[in-house]
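Below is one structure, written out as structure tokens, with a few remarks after it.
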Amino acid sequence: MADSYQPVAGDTLDRDSMTLSQHVLQQLDSFGPEAQDLSALMSRIALAGKLVARRLTRAGLVEDALGFTGRENIQGESVKKMDVYANDVFISVFQRSGLVCRLVSEEMDDIYDIPENCATGRYTLLYDPIDGSSNVDINLNVGSIFSIRQQGEDTDKTGADLLTSGRDQVAAGYILYGPSTVFVYSIGKGVHAFTLDPSLGEFILASEHIQIPAHGANYSVNEGNFWQWEDPYRDYIRYVHRHEGYSARYSGALVGDFHRILMQGGVFLYPGTLKKPDGKLRLLYESAPLAFLAEQASGKATTGKQLILDVDPDQIHMRTPLIIGSSEDVALVESFLQERELERPPVTSGRTLG
Ligand code: P6P
């Protein structure tokens, strides 16, 4: 009998055909209904990402795509037209999907119910449709952040079942709209990154089981808030200013700043300020999903007092301070907050300003 056919295309074709939906099924090691639902859900998020990416790449050319709407969201922030468009994209791709029963968004005060999905939809999607929208009009990177939770008992329709710690997340991730569009996710089995191949219209596997280095040079913080911080944060900044081997990197968009930390190491921090004592970043759809990824990638995420993933929110738009990134760099920030002498990372041979 002739030898069975042996594919000749090899690794490249295998890689290019490892789509996001296939990867989720592989991760779950199952083709059962639950796995199929989660795979389909991830594909819908990817579709939302492609629609937002398409709009962003043409924003400068499309009438009325840029600028402000003139409204403020529940956060008291001016709403950009792109915020609204991206939020509507997520609603549109999940209506009549049978997958998601509720949506929680930075751009919507209340929970958005999709009752027609609730017969089968076992999930709630929490998302920041465009994170870092101040970058949109100047063509700098922005992102979408998402968190997926199981549909709990919400008989009184208050979303009380969502007010549990981030350890109840089923999956989390983000889409980074940069020179390329990157989809990063975890379902609790490592962190994986996909790159959008526009010629295919598919997100193709780029990196698997990403690990945050234990230490990195990047420290990412808005130093313009220095005057508003508590002293321990100021002492940390003075420390990195006086020691060689640190680089300040801050884009004004959390997703891009976190992605740099994920890939190169270092620490991102958004402390509480005089104006925003609880910090600016929202727990359920910004800090908790990124903390889920950080811990999956051997990093750490804390409020400065508590691990982000252990915080029980008191309302769906709750804010917390955020310190996230390499385990050693987060520990260095904590050492100032806990006023404990941590043997500081070895001072490099370079100069140390006393
Ligand atoms: P600031 C964008 O508005 C955002 O929510 C994050 O993406 C970003 O890290 C942060 O706020 C930037 O805030 O106060 O430094 O401009």
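Filtering the range 250-291 to residues that are open to solvent by 20 Å² or more (accessible area, probe 1.4 Å), without any contact (Cβ under 8 Å) to a residue 40 or more places away in the chain and within 12 Å of the ligand (Cβ to nearest atom) leaves Tyr250, Lys280. Of all residues in the range 198-245, those satisfying the criterion of being open to solvent by 40 Å² or more (accessible area, probe 1.4 Å) and among the aromatic types (Phe, Trp, Tyr) are Phe226, Trp227.
Scanning the range 99-138 for residues that are part of a loop (DSSP other than H, G, I, E, B) and modelled with pLDDT under 90 gives Cys118, Ala119, Thr120, Gly121, Arg122.
Suppose we keep only residues that are within 14 Å of the ligand (Cβ to nearest atom) and within 22 Å of Val240 (Cβ to Cβ) within the range 302-325. Which one would you say is surrounded by the most Cβ atoms within 10 Å (Cβ to Cβ)? Once the filter is applied, the top-ranked residue is Gly325.
Just wondering, is there one or more residues in the range 157-167 that are within 15 Å of the ligand (Cβ to nearest atom) and farther than 24 Å from Cys118 by Cβ?
Here is the first cut: in the range 157-167, the residues within 15 Å of the ligand (Cβ to nearest atom) are none.
The answer is no, given that none of the residues of the range 157-167 is within 15 Å of the ligand (Cβ to nearest atom) and farther than 24 Å from Cys118 by Cβ.
When you check Gln95 against the structure, is it more than 24 Å from Leu281 (Cβ to Cβ) and not assigned by TED's automatic domain parsing to the domain that holds Lys276, yes or no? Yes; evaluated as a whole, the condition is true for this residue.
The values are calculated or read from the model by the stated rules, or taken from the named source; none is laboratory data. A quick note: this is a predicted structure, and the numbers were derived from the prediction, not measured. Neighbour counts are summed over all protein chains in view; Cβ atoms, including those assigned to glycine, are modelled from backbone coordinates with ideal geometry. Heads up: the accessible areas ignore ligands, DNA and RNA and are worked out on the full protein's heavy atoms, side chains in. Shrake-Rupley method; radii C 1.70, N 1.55, O 1.52, S 1.80 Å.
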